[in-house]
Structures are given as structure tokens and as C-alpha cells.
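The values are calculated or read from the model by the stated rules, or taken from the named source; none is laboratory data. A quick note: this is a predicted structure, and the numbers were derived from the prediction, not measured. Areas reflect the complete protein model, heavy atoms only, side chains present, ligands, DNA and RNA absent. Shrake-Rupley method; radii C 1.70, N 1.55, O 1.52, S 1.80 Å.
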Amino acid sequence: MDVPLWFALLVVGYLGVKLIRPPAWLIAVLLLGGFLLADSILAPVIGTFIK
């Protein structure tokens, strides 16, 4: 069964918010931080570290 990555992330994110109930500011900081890091000078370093 092939599930698109965006759909899997959406489901995991939804369940995480429903079950753990983190504060809204923490969700915003994680989303904004990830978005900014993906387009920064550190992106290649993070990419090689993850792989």
C-alpha cells in the first residue's frame, strides 16, 4: 500500500495534536522553524545528518 508522505504526515500530526495536546505556540514555532531551516544555509548539513 503506497501512502503519500504528505498524507502520512497530516495523519500523524493530527493524532499527535489530539492525543498530546501541545500548546499552539509550540506547533507554530516548530512549523515556522522547520520551514525556515529548510531554506537556510544549514539545510545541506541537516540533510546529510538525517541521511
At q = 0.17 Å⁻¹, what base-10 log of I(q)/I(0) does the Debye formula yield for the chain when every alpha carbon is treated as an equal point scatterer in vacuo?
-0.73
Using a 1.4 angstrom probe, figure out how much accessible area the chain has per residue, in square angstrom, rounded to the nearest whole.
97 Å²
Longest principal axis of the chain (C-alpha) makes with the long axis of helix 5-20 (C-alpha) an angle, in degrees to the nearest 10, of 60 degrees
Once the piece of chain linking LEU19 and VAL3 is laid out straight, how much longer is it, given 0.36 nm per residue of separation minus the C-alpha distance between them?
3.5 nm
Keeping the other protein chains in place, figure out the carbon and sulfur percent of the accessible area of the chain, with a 1.4 Å probe.
79 percent
